[in-house]
Amino acid sequence: MSHRDMLAKIHIAKKDLALDDEAYRGLLRRVGGVESARDLSDRKADDVIAELKRLGWKPRASARPPAQRADLRKLYALWGALHAGPLDRDALRSWVATRFKVSAPEFLKPAQT
(Lines give C-alpha, C1' and ligand atoms only; values in the text may rest on other atoms or scores of the structure.)
Protein backbone atom coordinates (compact mmCIF):
# COMPACT_ATOMS: atom_id res chain seq x y z
CA MET A 1 0.00 0.00 0.00
CA SER A 2 1.39 3.41 -0.89
CA HIS A 3 2.06 6.05 1.74
CA ARG A 4 -0.65 8.22 0.20
CA ASP A 5 -3.17 5.37 0.55
CA MET A 6 -2.21 4.92 4.21
CA LEU A 7 -2.73 8.62 4.89
CA ALA A 8 -6.11 8.48 3.17
CA LYS A 9 -7.10 5.52 5.37
CA ILE A 10 -6.03 7.40 8.49
CA HIS A 11 -8.14 10.41 7.56
CA ILE A 12 -11.15 8.25 6.67
CA ALA A 13 -10.82 6.45 10.02
CA LYS A 14 -10.61 9.79 11.83
CA LYS A 15 -13.87 10.84 10.22
CA ASP A 16 -15.59 7.48 10.73
CA LEU A 17 -14.62 7.41 14.42
CA ALA A 18 -15.68 11.08 14.79
CA LEU A 19 -12.37 11.98 16.43
CA ASP A 20 -12.05 15.66 17.23
CA ASP A 21 -8.78 17.37 16.36
CA GLU A 22 -7.44 17.14 19.91
CA ALA A 23 -8.06 13.38 20.17
CA TYR A 24 -6.66 12.80 16.67
CA ARG A 25 -3.47 14.79 17.35
CA GLY A 26 -3.07 12.98 20.66
CA LEU A 27 -3.30 9.63 18.90
CA LEU A 28 -0.69 10.73 16.34
CA ARG A 29 1.67 11.86 19.12
CA ARG A 30 1.11 8.74 21.24
CA VAL A 31 1.38 6.13 18.47
CA GLY A 32 3.39 7.85 15.74
CA GLY A 33 5.43 10.40 17.65
CA VAL A 34 4.42 13.16 15.22
CA GLU A 35 2.09 16.14 15.14
CA SER A 36 0.83 15.59 11.58
CA ALA A 37 -0.02 12.41 9.66
CA ARG A 38 2.08 13.59 6.72
CA ASP A 39 5.18 13.22 8.93
CA LEU A 40 4.53 9.52 9.61
CA SER A 41 6.90 6.90 8.24
CA ASP A 42 5.27 3.93 6.54
CA ARG A 43 5.89 1.80 9.64
CA LYS A 44 4.36 4.39 11.97
CA ALA A 45 1.40 4.89 9.60
CA ASP A 46 0.76 1.14 9.85
CA ASP A 47 0.90 1.45 13.65
CA VAL A 48 -1.61 4.33 13.60
CA ILE A 49 -3.97 2.36 11.34
CA ALA A 50 -3.70 -0.64 13.69
CA GLU A 51 -4.55 1.61 16.65
CA LEU A 52 -7.54 3.08 14.81
CA LYS A 53 -8.77 -0.46 14.14
CA ARG A 54 -8.26 -1.32 17.82
CA LEU A 55 -10.45 1.69 18.64
CA GLY A 56 -13.23 0.21 16.53
CA TRP A 57 -12.66 1.46 13.01
CA LYS A 58 -13.60 -1.06 10.35
CA PRO A 59 -12.40 -0.28 6.84
CA ARG A 60 -15.18 -0.53 4.30
CA ALA A 61 -14.75 -2.55 1.17
CA SER A 62 -14.96 -0.64 -2.06
CA ALA A 63 -18.52 -0.45 -3.35
CA ARG A 64 -17.23 -0.54 -6.89
CA PRO A 65 -16.22 -3.95 -8.26
CA PRO A 66 -12.83 -4.15 -9.97
CA ALA A 67 -12.73 -3.96 -13.74
CA GLN A 68 -13.14 -7.31 -15.49
CA ARG A 69 -10.26 -6.74 -17.89
CA ALA A 70 -6.71 -6.88 -16.53
CA ASP A 71 -5.62 -4.05 -18.84
CA LEU A 72 -8.31 -1.77 -17.37
CA ARG A 73 -7.32 -2.66 -13.80
CA LYS A 74 -3.75 -1.71 -14.71
CA LEU A 75 -4.95 1.55 -16.29
CA TYR A 76 -6.86 2.50 -13.12
CA ALA A 77 -3.85 1.57 -10.96
CA LEU A 78 -1.48 3.66 -13.07
CA TRP A 79 -3.88 6.60 -13.12
CA GLY A 80 -4.16 6.45 -9.34
CA ALA A 81 -0.39 6.23 -8.93
CA LEU A 82 0.24 9.23 -11.19
CA HIS A 83 -2.22 11.59 -9.51
CA ALA A 84 -2.22 12.79 -5.93
CA GLY A 85 -5.29 12.08 -3.84
CA PRO A 86 -7.99 9.51 -4.30
CA LEU A 87 -8.67 7.95 -7.68
CA ASP A 88 -10.47 10.56 -9.76
CA ARG A 89 -12.50 8.52 -12.24
CA ASP A 90 -14.06 11.64 -13.78
CA ALA A 91 -10.62 13.02 -14.63
CA LEU A 92 -9.63 9.69 -16.17
CA ARG A 93 -12.83 9.63 -18.25
CA SER A 94 -12.13 13.15 -19.44
CA TRP A 95 -8.56 12.25 -20.37
CA VAL A 96 -9.72 9.13 -22.26
CA ALA A 97 -12.44 11.11 -24.07
CA THR A 98 -9.93 13.75 -25.17
CA ARG A 99 -7.33 11.27 -26.41
CA PHE A 100 -9.43 8.40 -27.76
CA LYS A 101 -12.90 9.88 -28.44
CA VAL A 102 -14.72 7.34 -26.22
CA SER A 103 -16.70 8.19 -23.09
CA ALA A 104 -15.05 5.78 -20.63
CA PRO A 105 -11.97 3.58 -20.33
CA GLU A 106 -14.19 0.49 -20.56
CA PHE A 107 -14.78 1.33 -24.24
CA LEU A 108 -11.07 1.32 -25.12
CA LYS A 109 -9.72 -1.53 -27.15
CA PRO A 110 -7.04 -3.58 -25.39
CA ALA A 111 -4.34 -2.18 -27.70
CA GLN A 112 -5.37 1.37 -26.72
CA THR A 113 -5.06 0.71 -23.00
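Highest GNM mean-square fluctuation, the chain, Cα pairs closer than 10 Å: which of 51, 35, 22?
Taking springs between Cα atoms under 10 Å, the residue moving most is 22.
Got a sec to turn the phi values of the stretch 18-35 into Karplus ³J(HN,Hα) couplings, 6.51 cos²θ - 1.76 cosθ + 1.60 with θ = phi - 60°, whole Hz, x for Gly and Pro?
Once rounded to whole Hz, the list reads 6, 6, 6, 4, 5, 5, 5, 5, x, 4, 4, 5, 5, 8, x, x, 9, 8.
At 7 Å along the Cα-to-beta-carbon direction for both residue 53 and residue 91, put a label point, then send me their distance in nm to one decimal.
For residue 53 paired with residue 91, the spin-label model returns 2.9 nm.
Expressed as a whole percentage, what fraction of the accessible surface of the chain belongs to carbon and sulfur atoms when a 1.4 Å probe is rolled over the protein heavy atoms?
Details: 4250 of 7710 Å².
Answer for the chain: carbon and sulfur cover 55 percent of the accessible area.
Go through 14/44; 15/74; 9/53; 9/44; 14/74 and tell me which ones have a Cα-Cα distance over 20 Å in this structure.
Numbers: 14/44 16 Å; 15/74 30 Å; 9/53 11 Å; 9/44 13 Å; 14/74 30 Å.
Pairs exceeding the cut-off: 15/74; 14/74.
So, for the stretch 1-45, what is the accessible surface per residue at a probe of 1.4 Å, expressed in square angstrom?
On the way: 2820 Å² over 45 residues.
So the stretch 1-45 comes to 63 Å² accessible per residue, rounded to a whole number.
How would 98, 113 rank on accessible area, largest to smallest, probe 1.4 Å? Write out the running numbers ahead of the final one.
Values: 98 80, 113 55 Å².
Sorted descending by solvent-accessible area, the residues read 98, 113.
Return one number: the angle in degrees, 0 to 90 and rounded to the nearest 10, between the long axis of the Cα atoms of helix 70-82 and the longest principal axis of the Cα atoms of the chain.
50
Tally Lys and Arg at +1 and Asp and Glu at -1 over the other residues with C-beta under 13 Å from the C-beta of residue 103: what net charge comes out? Walk me through the intermediate numbers first.
On the way: positive: 89, 93, 99, 101; negative: 90, 106.
Cβ neighbours under 13 Å give a net charge of +2.
Rounded to whole Å and sorted largest first, what semi-axes of the equivalent ellipsoid does the C-alpha gyration tensor of the chain yield via the square root of 5 times each eigenvalue? Working shown, then result.
Working: eigenvalues 247, 36, 29 Å².
For the chain, the ellipsoid semi-axes come out as 35, 13, 12 Å.
Can you give me the relative contact order of the chain as a percent, contacts being Cα pairs under 8 Å and 6 or more apart?
Working: 77 pairs, mean separation 25.4, N = 113.
For the chain, the relative contact order is 23 percent.
How much length is gained on full extension from residue 111 to residue 83, taking 0.36 nm per residue of separation minus their Cα-Cα distance?
7.8 nm
The values are calculated or read from the model by the stated rules, or taken from the named source; none is laboratory data. The structure displayed is predicted, hence computed values, not measured ones. No Cβ is skipped: glycine too gets one built from the backbone with ideal geometry, and neighbour counts run over all protein chains shown. These area figures cover heavy atoms from the full protein model, side chains too; ligands, DNA and RNA do not enter into them. Shrake-Rupley method; radii C 1.70, N 1.55, O 1.52, S 1.80 Å.
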